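Here's the structure we're looking at; comments come further down.
The values are calculated or read from the model by the stated rules, or taken from the named source; none is laboratory data. Owing to the predicted nature of the structure, the values given are computational and were not obtained by experimental measurement. Virtual Cβ from ideal backbone geometry, glycine too; neighbours counted across all protein chains shown. For the accessible areas, the whole protein counts, side chains as well, though only heavy atoms, and no ligand, DNA or RNA atoms are used. Shrake-Rupley method; radii C 1.70, N 1.55, O 1.52, S 1.80 Å.
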Amino acid sequence: MTKAKVGYGLAMIALVVTGMTAPLRAQTDKGTITSSAARARADRIVAQMTREEKIALVHGLFPSMAAGKTTNELIPSAGHIDGIPRLGVPLVRESDASLGVANQVEQRVGDVATALPSGLATAASFDPAIARAGGAMIGAEARDKRFNVLLAGGVNLTRDPWNGRNFEYLGEDPLLAGTMGGAHIAGVQSNRLVSTIKHYVLNAQETGRNILDARIGEAALRMSDLLAFQIAIEKGHPGSVMCAYNKINGDWACENRHLLTDVLKRDWSYPGWVMSDWGAVHSTVKAANAGLDQESGQELDKEIYFGAPLAEAVAKGQVPEARLNDMVARYLTGLIETGAYDTPVPAKAVTPDYAAHAEVAQRAAEAGIVLLKNDGNLLPIARTAKRIVVIGGNADVGVLSGGGSSQVRSVGGAPVEIPLAYGGSASFARITYHASSPLDALRKALPGVAIEWQDGRNLNATLAAAKKADMAIFFATQWTTEADDVPDLRLPNQQDALIAAIAAVQPRTVAVMETGGPVLMPWIAKVPAVVQAWYPGQRGGEALAAILTGQVDPSGRLPITFPADASQPPRPRPVGLDKLSEAEAAAAANPAVAADRALQSFPVDYVEGADVGYRWYEKKGFKPLFPFGHGLSYTSFAYRNPVVTGGRTISVTVDIVNTGAREGADVPQIYVARDGSGDPMRLAAFQRVHLKPGETRRITLTAEPRILADYDIGLPGWRIRGGAYRVAVAHDAADRTMVSTAQVQAQTMKP
């Protein structure tokens with residue numbers, strides 16, 4: 001990365017994190033309004049309410065399906081809860097999602113927003129500052145558009161590489177996902193509005209997500225998915241937690257007393273409110289008494305469980321009045337503590353600073369693009385390449401985005417929208433590209449170089465163009481979406497065969513992967529350079545051109561393991577596909593029977609337990625295609641003179657040296673495991689470090705104590721067993737070239 005580019009990128013982060021939102025953030029950092037003070041104020045407000053007013057605050061409209069209008073204005077949004085003007089309780093408007101201010105259901109002309117790259121791209125930066133800057137940016141736009149709750153903060157761990165919603169989330173490791181998720185939430189809430197954290201918990205696949213029963217042991221859950229949520233809540237202090245669609249160990253997520261009350265509210269002392277996902281409520285009395293505080297998108301449930309049925313349940317004593325008071329007080333606490341309660345949204349929408357926000361999106365994309373392979377230093381594109389052919393992926397007009405509730409209608413429009421056969425809201429029924437052309441960006445970055453375009457549909461023309469060029473750049477695409485898992489890990493539409501054919505005639509071929517997550521690469525031995533672009537957002541074309549041409553040094557690291565074969569992950573394909581196929585067949589023969597069968601739950605047994613992702617690969621002795629944490633650079637880095645210190649936790653002090661000829665960023669990682677335990681090593685700390693050529697920086701990485709520990713259900717709590725621990729200072733999860741040992745003290749910690 002050039003010095004000018006680095007400075008500019010850091011300046012853009014500073015603009016969003018400290019400048020653009022500083023007047024708001026200064027009043028809302030954790031500690032300015034404490035949870036106890038917010039709750040005390042909330043209790044005083046609740047004491048002045050009638051029961052009818054309380055009930056009105058614990059269920060919200062889905063505006064596109066709401067019958068009639070309320071006393072307050074409805075605008076196209078994901079959710080709406082009326083305020084109580086006489087008590088100063090504000091109207092709440094909710095919008096999706098983590099990647100930008102989404103509005104797919106009732107799209108208005110000109111209603112656009114800045115689209116961040118996918119969550120996996122942000123996670124690949126391994127940089128909390130990048131995550132916070134993105135959150136601050138979309139939070140600012142949400143407020144400008146009159147929203148005060150953003151349904152952001154997705155931290156579900158990647159357990160299966162085929163999950164259609166992986167792109168929204170932050171990878172497979174609880175420390176990484178929790179750290180990055182907490183930073184993103186803090187950025188959103190710096191604008192004095194609420195960010196949720198979602199989807200609590202184990203919403204790890206989309207196939208049958210409304211009926212599946214996720215099964216896992218208590219200790220394993222605490223050490224994996226729950227730990228990601230716990231860390232993110234500690235770091236981000238989200239105003240609300242959104243419970244998931246699925247069951248966990250037999251109980252629906254939104255009526256699971258153990259998870260909502262025992263874990264979240266008792267063990268973690270969470271002060272805010274639990275809202276349901278849209279259509280995730282199944283009862284009144286059980287859900288309320290289990291710890292659900294608010295029914296969201298009530299029109300999507302079978303009935304409005306927290307409306308008249310809740311009022312009746314309270315009157316009969318089935319739900320205590322004190323529980324209803326707590327539900328409302330938690331809702332108000334989340335609004336008060338974040339500043340949303342006392343900061344009215346604009347009366348009219350304000351046009352955001354889209355130009356500045358686009359730079360934030362581009363910086364995030366650049367930081368998250370991963371150089372997977374670069375044999376012979378084919379990249380960056382050398383000036384000796386006088387003729388380049390760009391092939392496929394609609395790279396002449398834009399970059400791909402993921403589908404579902406996170407779909408952003410981005411600034412610049414959608415140059416390609418491919419309608420799908422099935423119905424539903426628009427975001428689920430179309431494949432959308434952002435208007436950021438890699439082809440145009442490459443031509444701008446490489447003046448004087450002849451860059452030809454081939455869409456890849458004409459095989460003869462494509463191969464002829466590739467053969468006569470100095471280099472071929474193929475843009476591979478895989479669309480994934482909420483509500484649907486991919487059936488397998490292959491690139492769709494025969495792209496693997498096309499890449500192999502191109503590589504056969506052009507040995508200088510680069511594959512750029514715009515995918516929702518890992519895909520298989522049967523052609524990998526024949527393609528010298530591979531770039532993982534994820535879904536790179538509305539400035540993805542510019543970001544990719546900067547990486548490919550060397551204006552920016554690639555510095556992303558994989559937040560997710562890429563399997564070498566579909567048989568390596570714990571499950572080779574989505575669980576329940578066969579059951580859904582049976583239900584569809586029954587629907588064709590007898591709709592009444594199909595309705596019953598479609599409602600039948602099925603189990604998903606998470607046999608890997610806490611050993612998610614790279615831990616599973618180490619435990620089973622599998623060699624992945626690319627390991628978690630992997631990523632190359634145009635420069636090189638060395639780790640020298642490590643000093644490992646034990647005690648209550650483990651600290652590693654080490655020199656990080658840029659041994660190459662250009663500036664770049666590295667992500668040193670430390671992995672730990674108790675010596676002799678046979679357990680896979682776990683990521684315990686990481687840090688993104690930017691260095692000039694020849695520069696050395698001595699850093700200290702300190703292990704998160706809960707990563708050293710196991711969860712002991714007998715305590716209950718975390719138990720670190722005393723003794724020797726292996727410590728790897730590593731470039732990725734498979735790197736064991738620098739391993740030491742340290743003595744750690746035995747200790748216990750609360751849940």
Mind counting the residues in the stretch 455-480 that are in contact (Cβ under 8 Å) with a residue 60 or more places away in the chain and more than 33 Å from the chain's Cα centre (by Cα)? 7
Flagged pairs (Cβ under 9 angstrom, 6 or more apart or on separate chains; first in the stretch 377-393, within 13 Å of Leu446 (Cα to Cα) and charged (D, E, K, R); second at pLDDT below 95 and assigned to a loop (DSSP other than H, G, I, E, B)) are Arg383/Gly448; Lys386/Gly448
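When only residues in the stretch 152-182 that are among the polar types (S, T, N, Q) and touching a helix residue (DSSP H, G or I) at 6+ places or on another chain (Cβ under 8 Å) count, which is nearest to Ala733 (Cα to Cα)?
Thr158
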Which strands (runs of 3 or more DSSP E) does the stretch 569-665 wholly contain that include 1 or more residues that are open to solvent by 40 Å² or more (accessible area, probe 1.4 Å) and either closer than 30 Å to Gly517 by Cβ or modelled with pLDDT of 95 or more (or both)? 603-605, 637-645
Identify all residues within the stretch 41-59 that are assigned to a loop (DSSP other than H, G, I, E, B) and surrounded by fewer than 15 Cβ atoms within 10 Å (Cβ to Cβ); write none if there are none. Ala47, Gln48, Thr50
Checking the condition out of contact with any Pro (no Cβ under 7 Å at 6 or more places or on another chain) and in a loop (DSSP other than H, G, I, E, B), which residue from Leu292, Leu372 passes? Leu292
If I filter the stretch 305-321 down to residues being assigned to a helix (DSSP H, G or I) and charged (D, E, K, R), which single residue comes out as most open to solvent (accessible area, probe 1.4 Å)? Glu312
So how many residues does the stretch 687-713 have that are open to solvent by 10 Å² or more (accessible area, probe 1.4 Å), over 17 Å from Asn641 (Cα atoms) and in a strand (DSSP E or B)? 4
Taking the stretch 322-361, which residues are closer than 23 Å to Asp127 by Cα and crowded, with 24+ Cβ neighbours inside 10 Å? His357, Val360, Ala361
Odd one out for Glu303 among (1) without any contact (Cβ under 8 Å) to a residue 24 or more places away in the chain; (2) in contact with a His (Cβ under 6 Å, 6 or more places away or on another chain): (2)
Does the stretch 445-460 include one or more residues that are within 16 Å of Glu542 (Cα to Cα) and either modelled with pLDDT under 95 or open to solvent by 30 Å² or more (accessible area, probe 1.4 Å) (or both)? yes
If Ala385 meets every condition in (1) under 18 Å from Leu548 (Cα atoms); (2) out of contact with any Asp or Glu (no Cβ under 6 Å at 6 or more places or on another chain); (3) assigned to a loop (DSSP other than H, G, I, E, B) apart from one, which number is that one? (2)
